[in-house]
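The block underneath contains the structure these notes are about, expressed in C-alpha cells.
The values are calculated or read from the model by the stated rules, or taken from the named source; none is laboratory data. Remember, it's a predicted structure, so these values are computed and weren't measured experimentally. Cβ sites come from the backbone with ideal geometry, for glycine too, and all protein chains shown count toward neighbours. Surface areas here come from the heavy atoms of the whole protein model, side chains and all, with no ligands, DNA or RNA. Shrake-Rupley method; radii C 1.70, N 1.55, O 1.52, S 1.80 Å.
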Amino acid sequence: MAELKLSESKDLTRIERIGAHSHIRGLGLDSTLEPRLVSEGMVGQTAARKAAGVILQMIKEGKIAGRAVLLAGQPGTGKTAIAMGMAKSLGLETPFAMIAGSELFSLEMSKTEALMQAFRKAIGVRIKEDTEVIEGEVVEVQIDRPAVTGAASKTGKLTLKTTEMETVYDLGAKMIEALGKEKVQSGDIIAIDKASGKITKLGRSFSRSRDYDAMGPQTKFVQCPDGELQKRKEVVHCVTLHEIDVINSRTQGFLALFTGDTGEIRAEVREQIDTKVAEWREEGKAEIVPGVLFIDEVHMLDIECFSFLNRALENEMAPILVVATNRGITTIRGTTYKSPHGIPIDLLDRLLIISTQPYTEQEIRQILDIRCQEEEVDMSEEAKGLLTKIGVDTSLRYAINLITSGSLACLKRKGKTVELEDINRVYHLFLDVKRSTQYLMEFQNQYMFNNEDGEEDEVTAMQT
C-alpha cells in the first residue's frame with residue numbers, strides 16, 4: 001500500500017510578506033528623543049533620526065501643522081526608512097498618507113486634484129457622539145426555531161444582568177443573526193448599540209473564569225457591569241476628511257471608498273464639509289488631527305504641483321508634509337531652470353531640511369544582520385563579512401538582494417547555513433551597476449542603437 005503523504009500547511013492569520021522596510025518598527029529613540037545606535041530596525045543616521053523625532057513630538061503635541069520637511073540624501077541612505085519609522089511611531093490614531101511623485105501623472109484626474117485628495121487623506125477628524133448602549137452580562141440566550149423551515153422567522157429571548165438588575169429582552173431575526181455572528185453565549189459581557197443594533201463582545205465574566213470551558217489564551221476576563229443596563233456613552237469615531245468628501249459626493253457615494261474609484265470631487269462639496277467640521281469644532285463635537293503626508297521622489301513633480309503645494313501649506317487645515325529626494329542640483333520639471341533637489345527656491349525656503357549620510361562599514365554590517373534575521377536566513381560570520389565588503393564596494397541595496405539569493409544557493413547544495421561559496425556564487429551570477437557598465441563598455445558595438453559618439457562622462461559617472 002502506498003504511503004500517504006501529507007502536505008505541510010501553515011496557519012496564515014494575516015498576510016506576511018517581507019518587504020524592503022518590513023523590519024522597521026519605529027525611529028529607535030528613547031524617552032529623551034536621543035537615538036539608540038541600533039533599535040526598532042533602525043541603524044545609524046543618528047542626527048537625521050533625532051531631527052525626525054523632534055518633528056514627531058511636535059506633531060503628537062499638535063504644535064505643528066502646515067509645515068514641510070525635506071529628507072535629502074544619496075540613494076540607499078535610509079530616507080524612506082525614516083519616513084516609515086515616523087509612520088510606525090505615530091500609531092493608528094494619526095493619519096499617514098504615502099504617495100510617490102510619479103503617481104500623480106498616471107491617475108485619471110488632474111494633478112492638483114490628486115494632490116488635494118492626498119492632503120485630505122492626511123487630515124483626521126475625531127468626531128464625538130453620545131449614544132445609548134445596553135451593557136451587561138449574558139445570563140441566558142433562548143432561540144425558538146420553527147419546526148417547519150420557512151414557516152415563520154426565528155424568535156428568542158435574551159436575559160442580561162448587571163450587579164444591580166436583570167432584564168429579559170425579546171429578540172427579532174436580525175438580533176438573533178448578530179448574536180450568532182459574534183458567537184455570544186451565557187457568561188459573556190456584551191454591549192448593544194441601541195441606534196444601530198451593533199453587538200460588541202467585551203469579554204468573559206470573572207464569575208465564569210473557573211468554569212471548565214474550552215477557551216484560548218486570548219480570552220479576556222472583565223468585571224460584570226454595575227448600575228443600570230441602559231447607559232449613555234460617548235463614542236469617538238476617527239475618519240479622514242477625504243472619507244467625508246467621498247461619502248458626501250453624490251456622483252460616487254460611500255461605495256467608492258471600497259472600489260477606490262473616487263474621481264474628482266467638486267470644490268463646493270469640500271467647502272461645505274470644511275464649514276460643517278468648523279461648526280463641530282466650535283460646538284466641541286469634533287477635533288482636527290493633522291496627520292502626515294509623505295511624498296517620495298518629490299523631484300518628479302512639476303512646477304504646477306510645486307505652486308499648488310506652496311498654496312496648500314498656507315491652508316489652516318493642512319497636514320505636515322514630508323518629502324524625500326535623492327537628486328542634487330537638477331532641472332525643475334516643466335521648466336529649463338536648475339535648482340537644488342529639483343525644487344523651486346520659494347518652496348525650499350519653507351522646508352526644514354534633514355540630511356542623511358552614507359552608511360559606514362560597521363552600520364552596513366548591522367543592517368545586514370537585521371535583514372538576515374527578518375528574512376530568516378542563517379548565515380556564517382565569514383559570509384556576512386564578505387557581504388559587508390560587497391556592500392561597501394558596490395551598494396547596500398545590492399548586498400541586501402544577495403541575502404535571499406545566497407540562501408537559495410545554499411538550499412541547492414542542501415546546506416543549512418549560507419557560507420562564503422554561496423555568496424561568491426550569486427555574486428558572479430548577478431552583476432552590480434559597476435560591473436554591468438564595464439560589460440556594456442566592452443561590448444557596446446554589439447548592442448542595438450549604440451551611440452558610439454555618446455557622452456563618455458555619463459558612463460564614467462556610473463562607474464564611479
> Using mean Cβ contacts within 10 Å as the protection proxy, how do 116-126, 392-402 order, highest first?
Replying inline: 116-126, 392-402
>> Output the 0 to 90 degree angle, nearest 10, between the alpha-carbon long axis of helix 396-412 and the longest principal axis computed from the alpha carbons of the chain.
In response: 80 degrees
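Students often get this wrong, so check it: of Lys128/Lys201; Lys128/Lys233; Lys161/Lys201; Lys60/Lys88; Lys128/Lys231; Lys384/Lys416, which have C-alpha atoms separated by over 18 Å?
Numbers: Lys128/Lys201 22 Å; Lys128/Lys233 10 Å; Lys161/Lys201 15 Å; Lys60/Lys88 13 Å; Lys128/Lys231 16 Å; Lys384/Lys416 15 Å.
Checking Cα-Cα distances, Lys128/Lys201 exceed 18 Å.
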> Over 28 Å between Cα atoms, which of Lys414/Lys434; Lys157/Lys198; Lys50/Lys121 qualify?
Replying inline: Lys414/Lys434
> Any idea how far apart Asp170 and Ile143 come out in nm if each label point goes 7 Å out from Cα toward Cβ?
Replying inline: 2.0 nm
> Calculated FRET efficiency, Glu375 and Phe449, Cβ-Cβ r, R0 35 Å, to nearest 0.05?
Replying inline: 0.35
> When only DSSP loop residues count, what trypsin sites (Lys or Arg not before Pro) in segment 34-106 have their Cβ near at most 10 other Cβ atoms within 10 Å?
Replying inline: Lys63
> So which aspartates and glutamates pass the test for Lys79, namely a Cα distance under 19 Å, with those fewer than 8 places away in the same chain ruled out?
Replying inline: Glu34, Glu40, Glu103, Asp296, Glu297, Glu361, Glu363
> Helix 79-90: angle to the longest alpha-carbon principal axis of the chain, degrees 0 to 90, nearest 10?
Replying inline: 20 degrees
> Carbon and sulfur atoms: what percent of the 1.4 Å accessible area of the chain do they account for?
Replying inline: 51 percent
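Order the following by accessible area, largest value first: Arg270, Arg413, Arg435. Probe radius 1.4 Å; ligands, DNA and RNA are ignored. If you can, show how the numbers build up before the last one.
Working: Arg270 25, Arg413 90, Arg435 60 Å².
Order by accessible area, largest first: Arg413, Arg435, Arg270.
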>> Tell me the relative contact order for segment 391-453 as a rounded percent, counting alpha carbon contacts under 8 Å between residues six or more apart.
In response: 26 percent
> Rounded to the nearest whole Å², what accessible area per residue is found for segment 361-445 with the 1.4 Å probe?
Replying inline: 60 Å²
> For labels at Gln438 and Asn310 in the simple 7 Å Cα→Cβ model, what's the distance in nm?
Replying inline: 4.8 nm
> Based solely on its DSSP helices, what 222 nm [θ] is calculated for the chain when runs of n ≥ 4 H residues each add -39,500 (n - 2.57) and the sum is averaged over all residues, nearest 500 deg cm²/dmol?
Replying inline: -10500 deg cm²/dmol
> How much accessible surface area, in Å² rounded to 10, belongs to the heavy atoms of Cys224 with a 1.4 Å probe?
Replying inline: 30 Å²
> Which aspartates and glutamates have a Cα less than 19 Å from the Cα of Lys154, not counting those fewer than 8 places away in the same chain?
Replying inline: Glu140, Asp144, Asp170, Glu177, Glu182
> So how much slack lies between Asp30 and Phe430, counting 0.36 nm per residue of separation and subtracting their Cα-Cα distance, in nm?
Replying inline: 140.0 nm
>> Ordering Ser405, Ser102 by accessible area with a probe of 1.4 Å, largest first, what comes out?
In response: Ser102, Ser405
> Distance from the Cα centre of segment 330-403 to that of segment 25-92, in angstrom?
Replying inline: 16 Å
>> For semi-axes √(5λ) of the Cα gyration tensor in Å, one of (1) 51, 25, 20; (2) 51, 34, 22; (3) 41, 27, 21 was computed from the structure I shared and the rest are decoys. Which label?
In response: (2)
> For the chain, what is the relative contact order in percent, using Cα pairs closer than 8 Å and at least 6 residues apart in sequence?
Replying inline: 19 percent
> Taking the Cα atoms only, what angle lies between the long axis of helix 381-393 and the longest principal axis of the chain, rounded to 10 degrees?
Replying inline: 60 degrees
